[in-house]
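Here it is, the structure in full.
Just so you know, all these numbers are worked out from the coordinates, no wet-lab data involved. Keep in mind the model is a prediction, meaning the values are calculated, not measured. Cβ placement follows ideal geometry from the backbone for every residue including glycine, while neighbour counts extend to all protein chains displayed.
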Amino acid sequence: MFVGSFVLLNVYFAWDSRLLSAISPDLFSIVNAPIHWQIMALWNYFDLARFSSYAYIVADIENLALLIILVTSVAWLSRGRGFGAAVLRSTQVAALCLAIFGVELALLDCPEFSMHVTDFQESFNFLSWFSNADMLVASLAVLTASTLLLNRSRISIQWSRATVVGQEHHRIIADRRDLSRFLVLFLLGILFVVGGSAVAYYGGAWHYAYSTTSSVPGNDDAYILTYLVTSHSGCLDLLRMASALAGGSSCSFDSFNPDGFAFVGLGAVSMVGGLLAMKKRPTLVAEAVSRSWWLLALAVPLAGGAVGYFVARDRNTASGINLALLGVEMLLLVVLFQIGISLVGFNTTSACSLPVSPSFQP
C-alpha cells in the first residue's frame, strides 16, 4: 500500500507538472490518455459540475486520497517506534512528496507555480491566496522540521554539552528582565504590524479608470473603462501601459485585503508579549546559549527554532523557549513575505463601459 500510493502520487505530480512531457512527449501521451479518460468519466458519473466548474477537481480529490493513504500506511509501518515518531515519519514522507512536486512546478511550469494549489480553493474561495510557491516553502519547512525532530537525540548528543546534575544548587536566582524574548516578540511584532498594514492596503482591491472619447466621427461622447484590480502594483502597471495612449487614467482605493489584518493582530499580540517580558521576574541564572543556535533559528524558520529548543532546554529553559518562538515567528514572517510577493502580479475582471457627458474631466 505504501509503495503503490507513493508511486501513483508521484506519477500524478509528474503528469501535472509537465515532467513527463519534458522527459518524453510519447510517455506523457501514454500516461495522459487513461488519466484524462477516468477524470472525465468520474466527473460526468458523479455530476461534479454541481460543486465546481473545473473537471480537474477529480484529480485533486484523487491526489488527496493518495496522500491520506500514504500518510496512513507510513504511520502504520512506523507504529513500533511510538505514536510521536510514527506521526513525524508520515509527515516527513508527505512533505517530501509535496516538496518534490513544488520543485517540479518551479522548474517546468512557472505559470502554474504562482497559482493556487487545488481547484477547491477557487471553487469554494478557501485560502485562494495560498499558491504552489507557498506550498513549496511550507513543505520544505515541515520536511526540515520533521527530519530534525526525528533525529533530535543524535543532534542533542553531538552538539550539546551534557548537563552536570550535581551543579544545580550552585546556580543563582535573580530578578531579571527577559531581554531576548522582548527583542524577538516586540521587534518581529513591529514587522508584522507594518507588513500586515501594507498587505491590507496595497494588496486590497483598487479601481482603475480610463477615460477616452468616441472614435466615431461627429460623436463627442466620452467613455470610462473601469477595472477592478487586485493590488496597487497592478493598478500602477495599468497606468504605465495607458500612459502611451490618448485619454486619461487614474487609480482609486476600493477595499482592504483582510489577510493583512490577521498579521496586524498577530503583530499586536506579539508586541504585547514582548513588553510583558520586560517585567522583572525571579530567573535562574543559567549558561548562555551559543549564537549559532540563534542564527539557525533565523536562517531556518521553525525547524531551526525547534532544534535550538531541544538543545538548550536543559541548560537554559528560557533561551530554549525564546529560540522556539523565534523559529515560529520567522516562519510567519516568511508567509507574510510570500503573500507580499504574490501581490506583485495582478488580475482584472471584465471591463464595463459607462457613457458620460462630453464635459467629463478625469
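For a footprinting-style exposure proxy, rank His36, His116 by other Cβ within 10 Å, fewest first.
His36, His116
Evaluate E = 1/(1 + (r/R0)^6) for Asp254 and Asp314, where r is the Cβ-Cβ distance and R0 equals 51 Å; express this FRET efficiency to the nearest 0.05. Don't skip to the answer; put the middle values down first.
Values: r = 54 Å, r/R0 = 1.06.
The calculated FRET efficiency here is 0.40.
Ser29 to Leu8: FRET efficiency via 1/(1 + (r/R0)^6), r the Cβ-Cβ distance, R0 22 Å, to the nearest 0.05?
For Ser29 and Leu8, the calculated efficiency is 0.75.
List Thr317, Thr118 from most exposed to least, where exposure is judged by having the fewest other Cβ atoms within 10 Å.
Ranked by crowding around the Cβ, least crowded first: Thr317, Thr118.
Under 15 Å from a label point 7 Å along Cα→Cβ of Phe261: give me every residue in segment 188-212 with its amide N that close.
Only 196-205 pass the distance filter.
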